[in-house]
Amino acid sequence: MTVKQNSLNSNHGPVLFALSWNRIKIDAECLAKSGYFKILHWPDRVQFFIQLRFLNELSYTPHHARHENTKQQRMETQLRDFLNLMFPIFLKKLSAKAVIGANFWYKQDFRFGEAAQKNNVPYIVLFKESLKISETEKKALFDLSAKLERFSGEKILVHNNTVAQILTESEYCRPDQIAVTGAIRMASFIEKCKTGTSRKLTKTNNGHITLFSFTPGISLNGLAIPPWPNHPYHGWVRLFEAVHSCFAEAAMKNTDRNFIIKTKYGGRWHNRIRDACLARDIDIDRLDNLKIVDDVNAHELILQSSLVVGFASTTLLESGLAGKNIIVPDFEETLDPYYRKHIKLRDFYPLVSVAHSRENLIGQINSHIKFDKTVSAQIQKKRDKFFEQNVASIRLDPMHTTVSEMNKIIRKFENELIDELPVA
């Protein structure tokens, strides 16, 4: 079976086999680049094809949720039996020391991790969705965790104490199955922010004016609203149109500055932004100083920006740590009590500029460009504290703590295997 290797890999470190490569890619590449590990993975879709041999559907409900469907139980038993035979042999041929995944509820990972763990190859989850700030988000994670089949891997590595507490209190895992290690994909970014070099770009000259785009359904999973709602009036529809068109309008008025809209991926997302601007008679493809990008590193973009506009995203906290001027829109659907309690990061608003209307948003962008501004030391201290409480510690090196924890796990299993060898 074909296996892919990351070009950044160490040739000497322990081999880790990564599940769901597209989902764990960022953290896995950080580990590979560190030189401590060698990362191997399957090509896209192979993992799904193996499961589809046994399961006739892969819905978005958690694969390992407890259920009473006899037919589903039978199919999963067959999959489990197959993986208990096949997967350990496969891992042995690769000399894999551990299996890593990006999320404990990924249905496509759970049985593979379970099979590895049962056969003396530790399954470690690098939980990437650790930003849980609003009470609705925390409750949603607690409720989901309580419904799932209990964690059968070795350890879940999380970014902060908030998530660690939720997973243990829901009894999804034991306290000894969880460790707070920080976000390794932020290791170099945190270091740059701590040195203060990123904050020197804030007062500004020619830094980018950046909008971290958001979907109309962001942070509304508690209302069962997907990122791109099918219903035209569900989610942040008016806000999406207003923010993107205002940003384009500001670009039209400031042709000497570079404006960037950053999305997580292209295709439909880019088209929706174009449509939002066209609704205000703005053809953004004709604006030489505005670009929509999806393949640019978010941290590098933050460091190169003087102003960041965003909504309900971790990038706001990252921009805050970097000392950037930040504007958050707070109008249209955000004022609706039905939606308001689901907004992420409202507690962060006192530490940034808040725009209360279309006109106010454009005015604040123009004001930033016209007048150089810096973030006060008092506000910066509060931003740093907020980042530490909700994202990851800036006092510890998340790469060091993660690598240390993983090596400890690997050594533990190697020692157990030695203890199990028969005496000659």
Review point. What shape does region 174-323 take by its C-alpha gyration tensor, where a ≥ b ≥ c are the square roots of the eigenvalues and a/c under 1.5 counts as rounded, a/b above b/c as prolate, and the rest as oblate?
Key: oblate
Point to revise | Rounded FRET efficiency, nearest 0.05, which uses the C-beta distance separating R340 from K25 and R0 of 41 Å | key: 0.75
Point to revise | Separation of alpha-carbon centers, region 130-163 and region 283-308, rounded to whole Å | key: 33 Å
Check your understanding: Ranked highest first by the average count of other Cβ atoms within 10 Å around their residues, in what order do 76-85, 113-122 fall?
Key -> 113-122, 76-85
Revision key, fill the gap. A student applying the Cα gyration tensor rule (rounded when a/c is under 1.5; otherwise prolate if a/b is larger than b/c, oblate if not) would label region 106-200 oblate
Point to revise | Computed E for N161/D283 - FRET, C-beta separation, R0 51 angstrom, nearest 0.05 | key: 0.60
**Study point:** Debye, to nearest 20: dipole size of the chain, +1 on Lys, Arg Cβ, -1 on Asp, Glu Cβ
**Key:** 480 debye
Review point. Residue by residue, what Karplus-based ³J(HN,Hα) values in Hz, rounded to whole numbers, does region 394-404 have, using 6.51, -1.76 and 1.60 with θ = phi - 60° and x for Gly and Pro?
Key: 9, 8, 9, 8, x, 5, 4, 5, 5, 4, 4
Practice item. Restrict the search to region 312-406; then list the trypsin sites (Lys or Arg not before Pro) that DSSP places in a loop and that have at most 10 other Cβ atoms within 10 Å of their Cβ. Key: R395
Check your understanding: By how many degrees, between 0 and 90 and to the nearest 10, does the Cα long axis of helix 377-390 differ from the longest principal axis of the chain?
Key -> 30 degrees
Exercise for review: Apply 1/(1 + (r/R0)^6) to the Cβ-Cβ distance of N271 and N119, taking R0 = 35 Å, and write down the FRET efficiency to the nearest 0.05.
Suggested key: 0.15
Check your understanding: Considering only Cα-Cα distances, which of the following residue pairs are longer than 18 Å: K324/K385; K4/K25; K107/K128; K264/K324; K38/K92; K128/K155?
Key -> K264/K324
Study note, to complete from the structure: The percentage of the accessible area of the chain (probe 1.4 Å, all protein chains present) made up of carbon and sulfur atoms, to the nearest whole number, is 50 percent
Study note, to complete from the structure: In order over region 314-319: 3J(HN,Hα) from phi, Karplus 6.51/-1.76/1.60, θ = phi - 60°, whole Hz, x for each Gly or Pro, gives 4, 4, 5, 5, 5, 5
**Study point:** For G235, distant residues with modelled amide H under 5 Å away
**Key:** none
Point to revise | Those GluC sites (Glu not before Pro) in region 148-183 that DSSP places in a loop and that have at most 12 other beta carbons within 10 Å | key: E171
Check your understanding: Which angle between 0 and 90 degrees, to the nearest 10, do you get for helix 237-253 versus the longest principal axis of the chain when only C-alpha atoms count?
Key -> 50 degrees
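For region 250-364, calculate the relative contact order in percent as a whole number, restricting contacts to Cα pairs under 8 Å that are 6 or more residues apart.
It rounds to 20 percent for region 250-364.
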Check your understanding: What is the spin-label model distance, in nm, from K253 to I379 if the labels are put 7 Å beyond Cα along the C-beta direction?
Key -> 2.0 nm
Study note, to complete from the structure: Given the candidates T314, A392, G113, the one whose Cα lies deepest towards the positive end of the charge dipole of the chain, counting +1 at each Lys or Arg C-beta and -1 at each Asp or Glu C-beta, is A392
Point to revise | Cβ-placed point charges (K, R +1; D, E -1), dipole of region 206-319 about Cα centre in debye, nearest 20 | key: 200 debye
Check your understanding: Is it possible to state the helix-based mean residue ellipticity at 222 nm for the chain, with each DSSP H run of 4+ residues giving -39500 (n - 2.57), the sum divided by total residues, to the nearest 500 deg cm²/dmol? What is it?
Key -> -13500 deg cm²/dmol
Check your understanding: What is the distance, in nm, between label points placed 7 Å from the Cα along the Cα-to-Cβ direction at V46 and at R411?
Key -> 3.1 nm
Review point. Taking only C-alpha pairs under 8 Å that are 6+ residues apart, what is the relative contact order of the chain in percent?
Key: 15 percent
Check your understanding: Across region 343-358, in residue order, what do the Karplus-derived ³J(HN,Hα) couplings come to in whole Hz, using 6.51 cos²θ - 1.76 cosθ + 1.60 with θ = phi - 60° and x for Gly and Pro?
Key -> 6, 6, 6, 4, 5, 8, 4, x, 9, 9, 8, 10, 9, 9, 6, 4
Check your understanding: By how many nm would the segment from R53 to E169 lengthen if fully extended, with 0.36 nm per residue of separation less the alpha-carbon distance?
Key -> 38.2 nm
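The values are calculated or read from the model by the stated rules, or taken from the named source; none is laboratory data. In this text the structure is predicted, and so the values were computed from the model without any measurement. Ideal geometry is used to build each Cβ from the backbone, glycine not excepted, and the neighbour counts take in all protein chains shown. In case anyone asks, the SASA skips ligands and DNA or RNA and just uses the protein heavy atoms, side chains included. Shrake-Rupley method; radii C 1.70, N 1.55, O 1.52, S 1.80 Å.
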